[in-house]
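Take a look at the structure below.
What follows draws every value from the coordinates through simple rules; no lab data is involved. Please read all numbers here as calculations on a predicted model, not as lab measurements. Cβ placement follows ideal geometry from the backbone for every residue including glycine, while neighbour counts extend to all protein chains displayed.
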Amino acid sequence: MNPQEIQQKDKHINAFIAVDTEGKGEPTGEGKLSGRTIAIKSNINVEGLLTCCASKTLENYVAPYDAHVIERIRKEGGRIVGMANMDEFACGASGETSAYGPTQNPAAPGRIPGGSSSGSTAAVAAGMADLALGSDTGGSIRNPASHCGVVGFKPTYGVVSRYGLVDMAMSLDQIGPLAHTVEDAALLLSVVAGHDNRDETSLKLDKSFYQFHDKLNPDLSCLKIGYAKEFDGLIADEGIREVINSAVERMQDAGAELVKVDLPNLTKALPTYYLNVYVEFFSATRKFDGRRYGHKIEDVCGEEVLRRILLGSYISSKEYAGRYYRKALKARSLIRKEILAALSGVDVLVGPTVPKLPHKLSEPITDPRVMYAYDVFTVPVNLAGLPAGVVPAGKVGGVPTGLQVIGKPLADQTVLDVMLGFQKISRNI
């Protein structure tokens, strides 16, 4: 699809903030991604293109350099078609907080696509890009992948460089792929993953570790898959419960062994996550003071961004740090320990991605606590720095919902393998 066709189709979806009509996103070489088009979440720097984080704060910021992941995409022949819409500064789970307007869900018209990687996901779901990059702080790739019926993957923390990413919370964020198939997601991940000296969190691993696409194995036999009973208690939609239970049964039919595990502190993950996010986001936004570039963030940002800044300032103050933030750090350690214990006797955990179906754009949610509830199954992964992916599992009343697969640290390949195995058995029905 050429830029003009993308612009025409996007009038109904609003997946892009900026479509590349001047060749700024052209590749610098040929390789694994030759002939593929890629949409980039607008918090990842692409030289010559608007990298505004869907905020008026950076409405005139044209990136002067490429992020590490963009350098790798260009070298492998990938063509960047534009900068995708998103929740403003990644603050949101619906795609509605963008200063450039909400994004439509191509798979369920009239409903939210999920967020914060709303535009990247919608661009893939609508066929305007072959692949896309998003960022995942607490489910921002996996949530919209589930809502839009595509594949999304969040790598182990440190597997993909964050150089050139505008962080929301530096200890949680990871860049990851979105695609129609697990094979394509693994291909893009194989390209963008790898050590980067410019990112202190970047892991230096053996080169064979990053060959995700070449090593894919869909065999589910002899695998142990864990399922926590706490999942069922937090699913708000009976249709989602039926889809996920059916998915687990199909995996058992394919030879996987189901093991029941416990996550007794699962409900603590959501407040723990947001307390961490508020403080880290407040710290990250102090550079947006209007002096060096852009506008002062507090003067132009939306309601959700301002809420997180104010709460982060309050929580991190000397008077309240011990009461809230330090306790959240302790709870984070507890949750990581708990989820690792649940993984110790299995190869992966499987379960729901979201507790409820995406709401209608005509019925916006005004209570932030209700909106935050979308993240209940995804945030533990980021708190523990684990790999996790989402693959379409079925539909509820015509609306997609995805199966989440969670792995041990650095077991990214295993997660992708299980996702591919499930994709194959699902397509044989």
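Being in contact with a helix residue (DSSP H, G or I) (Cβ under 7 Å, 6 or more places away or on another chain) and over 15 Å from GLU363 (Cα atoms) is the filter here; which residues of region 94-126 pass it?
Passing the criteria: SER98, ALA99, PRO106, ALA107, GLY115, SER116, SER117, SER118, THR121, ALA122, ALA125, ALA126.
Only one residue in ALA186, ALA256 is among the hydrophobic types (A, V, I, L, M, F, W, C), surrounded by 23 or more Cβ atoms within 10 Å (Cβ to Cβ), under 23 Å from the mean Cα position of the chain (by Cα) and closer than 20 Å to LEU416 by Cβ, so which one is that? Walk me through it before giving the result.
Numbers: ALA256 fails: under 23 Å from the mean Cα position of the chain (by Cα).
None of the other options fit; the residue is ALA186.
Does at least one position in region 95-113 carry a residue that is crowded, with 24+ Cβ neighbours inside 10 Å and within 12 Å of the chain's Cα centre (by Cα)?
No: zero hits.
Results for (1) surrounded by fewer than 19 Cβ atoms within 10 Å (Cβ to Cβ); (2) touching a Ser or Thr at 6+ places or on another chain (Cβ under 8 Å); (3) under 25 Å from MET371 (Cα atoms); (4) hydroxyl-bearing (Ser, Thr, Tyr), shown as yes or no for each residue.
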residue: PRO155; (1), (2), (3), (4): no, no, yes, no
residue: GLY158; (1), (2), (3), (4): no, yes, no, no
residue: ILE175; (1), (2), (3), (4): no, yes, yes, no
residue: LEU178; (1), (2), (3), (4): no, yes, yes, no
residue: VAL191; (1), (2), (3), (4): no, no, no, no
residue: GLU200; (1), (2), (3), (4): yes, no, no, no
residue: SER208; (1), (2), (3), (4): yes, no, no, yes
residue: PHE212; (1), (2), (3), (4): no, yes, no, no
residue: ASP219; (1), (2), (3), (4): yes, no, no, no
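Pairs under 7 Å by beta carbon, first residue closer than 13 Å to THR97 by Cα in region 294-312, partner acidic (Asp, Glu) and outside any helix (DSSP H, G or I), six or more apart or different chains?
That search, which allows pairs on different chains as well, returns nothing.
Kindly establish whether LEU263 is of a type outside the set (Phe, Trp, Tyr), surrounded by 13 or more Cβ atoms within 10 Å (Cβ to Cβ) and not in a loop (DSSP other than H, G, I, E, B). Even if it seems obvious, please write down each step before you answer.
Details: of a type outside the set (Phe, Trp, Tyr): yes; surrounded by 13 or more Cβ atoms within 10 Å (Cβ to Cβ): yes; not in a loop (DSSP other than H, G, I, E, B): no.
Answer is no for this residue.
Which is aliphatic (A, V, I, L, M), under 17 Å from the mean Cα position of the chain (by Cα), farther than 26 Å from SER221 by Cβ and buried (at least 20 other Cβ atoms within 10 Å of the Cβ), of ALA373, ALA384? Break it down stepwise before answering.
Numbers: ALA373 fails: buried (at least 20 other Cβ atoms within 10 Å of the Cβ).
After ruling out the rest, the residue left standing is ALA384.
Using the structure shown, decide if GLU96 is out of contact with any Phe, Trp or Tyr (no Cβ under 7 Å at 6 or more places or on another chain), without any contact (Cβ under 8 Å) to a residue 60 or more places away in the chain and on the phi < 0 side of the Ramachandran plot. Explain how you work it out, then say what you get.
Working: out of contact with any Phe, Trp or Tyr (no Cβ under 7 Å at 6 or more places or on another chain): yes; without any contact (Cβ under 8 Å) to a residue 60 or more places away in the chain: no; on the phi < 0 side of the Ramachandran plot: yes.
In short, no.
Among the listed residues ALA15, ALA39, ALA84, identify the single one that is over 30 Å from LEU310 (Cα atoms) and touching a helix residue (DSSP H, G or I) at 6+ places or on another chain (Cβ under 7 Å). Break it down into steps so the answer makes sense when it comes.
On the way: ALA15 fails: over 30 Å from LEU310 (Cα atoms); ALA84 fails: over 30 Å from LEU310 (Cα atoms).
Among ALA15, ALA39, ALA84, only ALA39 is over 30 Å from LEU310 (Cα atoms) and touching a helix residue (DSSP H, G or I) at 6+ places or on another chain (Cβ under 7 Å).
Does ARG286 satisfy the condition of being part of a helix (DSSP H, G or I), more than 15 Å from PRO352 (Cα to Cα) and of a type in the set (D, E, K, R)?
Numbers: part of a helix (DSSP H, G or I): yes; more than 15 Å from PRO352 (Cα to Cα): yes; of a type in the set (D, E, K, R): yes.
So ARG286 fits the description; yes.
Regarding PRO109, is this residue assigned to a loop (DSSP other than H, G, I, E, B) and free of Cβ contacts under 8 Å to residues at least 24 places away in the same chain? Spell out the reasoning first.
Numbers: assigned to a loop (DSSP other than H, G, I, E, B): yes; free of Cβ contacts under 8 Å to residues at least 24 places away in the same chain: yes.
Considered against the rule, which asks whether it is assigned to a loop (DSSP other than H, G, I, E, B) and free of Cβ contacts under 8 Å to residues at least 24 places away in the same chain, PRO109 comes out as yes.
Go over the candidates ALA342, ALA331 one by one and state the one that is under 30 Å from LEU220 (Cβ atoms) and not hydroxyl-bearing (Ser, Thr, Tyr).
Numbers: ALA331 fails: under 30 Å from LEU220 (Cβ atoms).
Just a single option satisfies the conditions, and that option is ALA342.
Out of (1) crowded, with 24+ Cβ neighbours inside 10 Å; (2) in contact with a Leu (Cβ under 9 Å, 6 or more places away or on another chain); (3) farther than 18 Å from PHE16 by Cα, the odd one out for VAL150 is which?
Going through the list (1) crowded, with 24+ Cβ neighbours inside 10 Å; (2) in contact with a Leu (Cβ under 9 Å, 6 or more places away or on another chain); (3) farther than 18 Å from PHE16 by Cα, VAL150 breaks only (3).
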